[in-house]
Amino acid sequence: MCHPVTMEYVKGKALNRRDLFRGSAAAGAAIVAASVVPTRPLMAQTPSRVIDVTHTRTYDFPTYFGEQQYFDEQIFNYAEHSFNLKEIRVNEHTGTHIDVPLHFTDGGTSVDEVPVQSLVCPLVIVDIREKADANPDAQVTPDDLADWTAANGPIPAGACVAQNSGWQARLGTPGFRNADDEGRMHFPGFHVEAVQMLLDDTEAGGVGVDTLSIDYGPSADFAAHYRWLPANRWAVENMANLDQLPATGATLVVGAPKHQGGTGGPCRVIALV
């Protein structure tokens, strides 16, 4: 999602760009050296499958604000010019995209400054489909993280912890934004206490969701964004095909854009299994 940052709220929270992902080299080494879950490695060692975790960007892809945020124009065409070329205009936070610290800080790290080694990482999938079926305002909670750890072992260093709520099945219908009569949306996301648990108890580097925002739909304060991004972390929203991936053992590759001063941007995200 893309929301105007309230300067007074984030005043004093901005992080020096030189400090982004301090010790990222050490974190990368920790990923390699981390002990494996007995039944499955933390990252794909010799991938046998490549899964596209990216939705196709279209004119009518659902957006947080409900308005079209992707446009293109044919500048050259094959019939007249012997080649095709389009010019595109897109909101940074449209479709499958990355959020970086600058999105919710005043002067935080921009997308072109994110260390590339942090964008190749173990993928952890927390399945909350049963909860989301019963309640569209379901959230990933500390209990969900504790259950995942009990079943799979510790969350590996540098991991992206992704929510699988099954929300992709609603794509193409009003149920993806799931707005009520007052315009308030209802979809799953991360509870701020779960985000805090990841910060306190793990070395996770990213979170991901298969919905429009890492904060659940009715959120009015964007608590998960304000807790996670200023802590030198990133997030991926609108992830696809999480139901095709195991709870642990896959490697995520986030093909983040690299435009100067960006608060995030559209990504091609893949998982190796």
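The values are calculated or read from the model by the stated rules, or taken from the named source; none is laboratory data. All values derive from a computational prediction rather than experimental measurement. Positions of Cβ are generated from backbone atoms using ideal geometry, with glycine treated the same way; all protein chains shown enter the neighbour counts. In case anyone asks, the SASA skips ligands and DNA or RNA and just uses the protein heavy atoms, side chains included. Shrake-Rupley method; radii C 1.70, N 1.55, O 1.52, S 1.80 Å.
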What is the residue count in segment 81-127 for residues that are of a type in the set (A, V, I, L, M) and crowded, with 22+ Cβ neighbours inside 10 Å?
9
Which condition does Y216 not pass, out of (1) aromatic (F, W, Y); (2) touching a strand residue (DSSP E or B) at 6+ places or on another chain (Cβ under 8 Å); (3) not in a loop (DSSP other than H, G, I, E, B), if it passes all the others?
(3)
Do the conditions hold for L229, that is, is it part of a helix (DSSP H, G or I), in contact (Cβ under 8 Å) with a residue 40 or more places away in the chain, open to solvent by less than 10 Å² (accessible area, probe 1.4 Å) and not hydroxyl-bearing (S, T, Y)?
yes
Can you find a residue in segment 235-258 that is open to solvent by 50 Å² or more (accessible area, probe 1.4 Å) and either in a loop (DSSP other than H, G, I, E, B) or at pLDDT below 95 (or both)?
yes
With respect to Q74, determine if the residue is open to solvent by 30 Å² or more (accessible area, probe 1.4 Å) and in contact with an Asp or Glu (Cβ under 9 Å, 6 or more places away or on another chain).
yes
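Provide a single number: the residues in segment 178-213 that are in a loop (DSSP other than H, G, I, E, B) and either among the aromatic types (F, W, Y) or in contact with a Leu (Cβ under 7 Å, 6 or more places away or on another chain) (or both).
Going residue by residue through segment 178-213, those that are in a loop (DSSP other than H, G, I, E, B) are 178, 180-184, 186-188, 191, 202-205, 209-213.
Okay, now just the ones that are also either among the aromatic types (F, W, Y) or in contact with a Leu (Cβ under 7 Å, 6 or more places away or on another chain) (or both), so 187, 204, 210.
Residues that pass the stated criteria total 3.
Test T54 against the criterion of being of a type in the set (S, T, Y), at pLDDT 95 or above and in contact with a strand residue (DSSP E or B) (Cβ under 8 Å, 6 or more places away or on another chain), and give yes or no. So that I can check it myself, show each step before the final result.
On the way: of a type in the set (S, T, Y): yes; at pLDDT 95 or above: yes; in contact with a strand residue (DSSP E or B) (Cβ under 8 Å, 6 or more places away or on another chain): yes.
Against the criterion (of a type in the set (S, T, Y), at pLDDT 95 or above and in contact with a strand residue (DSSP E or B) (Cβ under 8 Å, 6 or more places away or on another chain)), T54 qualifies.
Being touching a Gly at 6+ places or on another chain (Cβ under 9 Å), touching a residue at least 40 places away in the same chain (Cβ under 8 Å), open to solvent by 10 Å² or more (accessible area, probe 1.4 Å) and more than 12 Å from Q139 (Cβ to Cβ): is that true of R184 here? I'd like the intermediate steps shown before the answer.
Details: touching a Gly at 6+ places or on another chain (Cβ under 9 Å): yes; touching a residue at least 40 places away in the same chain (Cβ under 8 Å): no; open to solvent by 10 Å² or more (accessible area, probe 1.4 Å): yes; more than 12 Å from Q139 (Cβ to Cβ): yes.
So R184 does not fit the description; no.
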All but one of (1) surrounded by 21 or more Cβ atoms within 10 Å (Cβ to Cβ); (2) under 30 Å from I88 (Cα atoms); (3) not charged (D, E, K, R) hold for V195, so report the exception by its number.
(2)
Looking at segment 162-178, which of its residues are touching a residue at least 40 places away in the same chain (Cβ under 8 Å), of a type outside the set (S, T, N, Q) and open to solvent by 50 Å² or more (accessible area, probe 1.4 Å)?
L171, R177
